[in-house]
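Here is the structure we will look at, set down as structure tokens.
The values are calculated or read from the model by the stated rules, or taken from the named source; none is laboratory data. What you see is a predicted model; the values in this text were computed from it and never measured. Don't worry about glycine lacking a Cβ; one is built from the backbone with ideal geometry, like all the others, and counts go over all protein chains shown.
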Amino acid sequence: VLFVPLIPWLVPAVITLTTDFGLSDPYVGVMKGVILGIAPETQIVDISHAVPPQNVGAGSIFLRSAHRYFPMESVHVGVVDPGVGTLRKAVAIRTPTGTFVGPDNGLFAPVLMDQGFCAHDGHLLPAAVAVELQNPNYRLPETSSTFHGRDIFAPAAAHLARGVEIQQLGPRLTQIERGRIPEPEQGPREITGEVIHIDHFGNAISNIQGTSVPTGAVIRAAGREIGPLSSTYQSGPVVALVGSTGLVEIAVRNGSAERQLGLSVGDPVGVRVP
Amino acid sequence: VLFVPLIPWLVPAVITLTTDFGLSDPYVGVMKGVILGIAPETQIVDISHAVPPQNVGAGSIFLRSAHRYFPMESVHVGVVDPGVGTLRKAVAIRTPTGTFVGPDNGLFAPVLMDQGFCAHDGHLLPAAVAVELQNPNYRLPETSSTFHGRDIFAPAAAHLARGVEIQQLGPRLTQIERGRIPEPEQGPREITGEVIHIDHFGNAISNIQGTSVPTGAVIRAAGREIGPLSSTYQSGPVVALVGSTGLVEIAVRNGSAERQLGLSVGDPVGVRVP
Amino acid sequence: VLFVPLIPWLVPAVITLTTDFGLSDPYVGVMKGVILGIAPETQIVDISHAVPPQNVGAGSIFLRSAHRYFPMESVHVGVVDPGVGTLRKAVAIRTPTGTFVGPDNGLFAPVLMDQGFCAHDGHLLPAAVAVELQNPNYRLPETSSTFHGRDIFAPAAAHLARGVEIQQLGPRLTQIERGRIPEPEQGPREITGEVIHIDHFGNAISNIQGTSVPTGAVIRAAGREIGPLSSTYQSGPVVALVGSTGLVEIAVRNGSAERQLGLSVGDPVGVRVP
């Protein structure tokens, strides 16, 4: 019989990776090698390596929707980092729902704002502890100016996963860079948002929270009225529904809203309150 | 010296994932987060996330060929699920060669038939135990109608991997949905099959079992005679051979049968008995 | 509090995989199933499965740059194997910086040469121990002629990771096949290399070691002078820099050197010494 006991001090830590590195090069594998050299028992999980290159906002969207399904002790490494090697800071931020490690370029603020741990301007609320990753003991011995994912973020995450206190990693920060996800505009009779992601199925995911849509409201997209919110992808030939990320999305039954409705990132999505 | 002892109760369980989710979105990572929250020691293995969208038969083909190389205690999650949120059942099926979890839409019947655990009409033979996943204790607290992979299948697999008895998960089923893989026609002098998959190398894999081809039989495909079965990909410029899945496939040496012979899924493949 | 103790005999071994299999088919997952059936605690890491089909040299480049970031006890499986099933040998090579398992077709020589464990002609130096994988006890019971990754290399790697002595796996070899990566030509005033890889960002990576470039030397590529080495990707609109692999690469700021400069694999890259 198969039975895996849960001895607390043997529960492996989880480190997730979200990057724009793609999977064809060895970059992601190398980060995992560095992590396992420091924290050999870690469960490493890929959230996505298909963030569009240098698109920090898209990385925020992935991290925001995914991190809440992981154990709270998890360390989430995000590397969408066009400014690697320049003056932008490297940070780690511990919150009650997860610890985040990566460049301080706006990647993490939307995730923290969503959980109430940070203000619009990036000021941290007391539940969140952030540090700048300056302590050389928690980096690789040689630090390049081109691959901080390997040299700084992977080692920091591995040490945090093994129980190193976040304060050991560097000086405290009270503010992080503000985020880069466009917010919907909330009018009295209408919410005006936009498509922020097209997924693998061609579903067009907007920045409008499902919980903000009143009962009976009608969704508009692709220059037409889609209708009120449906409950499944099979409810009609073209549906608007609250997708698995909690956001309003537009879908075509057994097809692609991207291809069949011509939707793409940045296109408007509206909600008309009845 | 490196040595990992095999203490049976410390052997981590294996959960495999086969989906049509692709790897660009966070969907697969989120399922892994849910699994690790319940069963932190699990070894999670991706079989494929490139099943063509909503192509249940293609998912069956992947699961059928891959699952037999995993430990028998493994739990195989399959999510090719166009009917998510509709009336189709959610199932778990334990067999002597593996446990399967996913939608009851024909995905698993070909796998079970191949092992002799299920009849053509989906009736289960005594070696297989199937249940409908109804017990809310083994789901996420909130269950969406759009992402059962995360809300129902991942938690069920994780609980099964940790040793929960399958009967705890819901009421017993005696039949599952029949499968969706086309079967070859067996004539007195000829077997008539078809291409069911083109792999990454451009090899065209048919639905004809290698073991069903008599010695000296000649393979036909792409409107021409390919010849008798070869033993390696280097045996000729164009070869028919029994590939790693146990099925007859057509290959071009150091090239692509898809591109160079124009083969695609659904094209006929014949075997002429001498 | 989260803390994972490092009890040496509980540290899981690492096995990496580098192949040209792609990720759409179940081939990689099946290799992992075989490994976990033998060595259930193993940490399996994908380095890359996007080696261009049958391009042995490209596989060498990935392994050479990536393996040094993994623990020295790691076992690196490389499968770029156009000659599978023919007379080419199957090998395992243990070195002080890692153990390598795969076909003996030139895949590993560049990795070993780089570390000083092998001569240009493939003769091994004393620090490296190589064997031909002939012992049937460390293979799958049935060995196909089409998928040695599954039948021979995965089992060998798993047994090595569990502590089996390399000499158990087969007879000793004193020489392996010589490598297939083009070497740059070193003239008195000039180094002449070439692009050996275009990465996911469109950066063009040459075969010129960063350490071989004298201070003030000027890099040429794409029919123009790029300039001396920069330190970050943001240092100019077009930069030459020592990338994360230690090799000179050409990059376009927030863009693609492949697309914007028209660079591709095989194109010349020059270094003019001042």
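Residues are listed down the side, and each one gets a yes or a no for (1) at pLDDT below 95; (2) in a strand (DSSP E or B); (3) touching a Phe, Trp or Tyr at 6+ places or on another chain (Cβ under 6 Å):
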{"residue": "B:Lys32", "(1), (2), (3)": "no, no, no"}
{"residue": "B:Val45", "(1), (2), (3)": "no, yes, no"}
{"residue": "B:Ala58", "(1), (2), (3)": "yes, no, no"}
{"residue": "B:His67", "(1), (2), (3)": "no, no, no"}
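Of the residues making up region B:117-133, those that are under 26 Å from B:Val164 (Cβ atoms) and surrounded by fewer than 17 Cβ atoms within 10 Å (Cβ to Cβ) are B:His123, B:Leu125, B:Pro126, B:Ala127, B:Glu132. Is it fair to say A:Leu140 is of a type in the set (A, V, I, L, M, F, W, C), surrounded by fewer than 20 Cβ atoms within 10 Å (Cβ to Cβ) and either within 28 Å of C:Gly255 (Cα to Cα) or within 11 Å of another protein chain (Cβ to nearest Cβ) (or both)? For A:Leu140, the condition - of a type in the set (A, V, I, L, M, F, W, C), surrounded by fewer than 20 Cβ atoms within 10 Å (Cβ to Cβ) and either within 28 Å of C:Gly255 (Cα to Cα) or within 11 Å of another protein chain (Cβ to nearest Cβ) (or both) - is met. For region A:144-166, the count of residues that are surrounded by 20 or more Cβ atoms within 10 Å (Cβ to Cβ), modelled with pLDDT of 95 or more, aliphatic (A, V, I, L, M) and outside any helix (DSSP H, G or I) is zero.
Going through region A:219-232 one residue at a time, which ones are within 14 Å of chain B (Cβ to nearest Cβ), free of Cβ contacts under 8 Å to residues at least 12 places away in the same chain and part of a strand (DSSP E or B)?
A:Ser230
Name, by its number, the condition in (1) more than 14 Å from chain A (Cβ to nearest Cβ); (2) over 20 Å from C:Val28 (Cα atoms); (3) surrounded by fewer than 24 Cβ atoms within 10 Å (Cβ to Cβ) that does not hold for B:Leu112. All conditions pass for B:Leu112, except number (3). Residues that are farther than 23 Å from C:Thr42 by Cα, touching a residue at least 60 places away in the same chain (Cβ under 8 Å) and in a loop (DSSP other than H, G, I, E, B) within region A:69-82 comprise A:Val80, A:Asp81, listed in sequence order.
Only residues that are modelled with pLDDT under 95 and of a type in the set (Val, Ile, Thr) were counted in region B:73-126, giving 2. Looking across region C:246-261, the residues that are assigned to a loop (DSSP other than H, G, I, E, B) and in contact with a Gly (Cβ under 9 Å, 6 or more places away or on another chain) come down to C:Gly246, C:Arg253, C:Gly255, C:Ser256. Can you name every residue in region B:233-245 that is touching a Lys or Arg at 6+ places or on another chain (Cβ under 9 Å), within 12 Å of another protein chain (Cβ to nearest Cβ) and in a loop (DSSP other than H, G, I, E, B)? Those that are touching a Lys or Arg at 6+ places or on another chain (Cβ under 9 Å), within 12 Å of another protein chain (Cβ to nearest Cβ) and in a loop (DSSP other than H, G, I, E, B): B:Tyr233, B:Gln234, B:Ser235, B:Ser244, B:Thr245.
Residue check: is A:Gly85 touching a residue at least 60 places away in the same chain (Cβ under 8 Å), within 23 Å of B:Gly37 (Cα to Cα) and not aromatic (Phe, Trp, Tyr)? No, not satisfied.
Can you confirm whether B:Gly102 is touching a strand residue (DSSP E or B) at 6+ places or on another chain (Cβ under 9 Å), more than 12 Å from every other protein chain (Cβ to nearest Cβ) and closer than 21 Å to B:Thr42 by Cα? I'd like the intermediate steps shown before the answer.
Details: touching a strand residue (DSSP E or B) at 6+ places or on another chain (Cβ under 9 Å): yes; more than 12 Å from every other protein chain (Cβ to nearest Cβ): yes; closer than 21 Å to B:Thr42 by Cα: yes.
When the stated conditions are applied, B:Gly102 passes them.
What's the total number of residues in region A:200-212 that are modelled with pLDDT under 95 and in a loop (DSSP other than H, G, I, E, B)? Residues flagged as modelled with pLDDT under 95 and in a loop (DSSP other than H, G, I, E, B) within region A:200-212 amount to 2.
Among the residues of region A:104-119, those that are within 20 Å of A:Val79 (Cβ to Cβ) and in a loop (DSSP other than H, G, I, E, B) comprise A:Asp104, A:Asn105, A:Gly106, A:Leu107, A:Phe108. Please specify each residue of region C:27-69 satisfying the condition of being more than 7 Å from every other protein chain (Cβ to nearest Cβ), of a type in the set (S, T, N, Q) and under 30 Å from A:Leu140 (Cα atoms). C:Thr42, C:Ser60, listed by residue number. The set of residues in region C:76-93 being within 22 Å of C:Ile181 (Cβ to Cβ) and either within 13 Å of chain B (Cβ to nearest Cβ) or more than 15 Å from the chain's Cα centre (by Cα) (or both) consists of C:Val79, C:Val80, C:Asp81, C:Pro82, C:Gly83, C:Val84, C:Arg88, C:Lys89, C:Ala90, C:Val91. Every listed requirement among (1) over 25 Å from B:Pro82 (Cα atoms); (2) in a strand (DSSP E or B) is met by A:Gly216 save one, (2).
For region B:28-61, the set of residues classified as in contact with a His (Cβ under 8 Å, 6 or more places away or on another chain) and touching a residue at least 40 places away in the same chain (Cβ under 8 Å) consists of B:Ile38, B:Ala39, B:Ala58, B:Ile61, listed by residue number.
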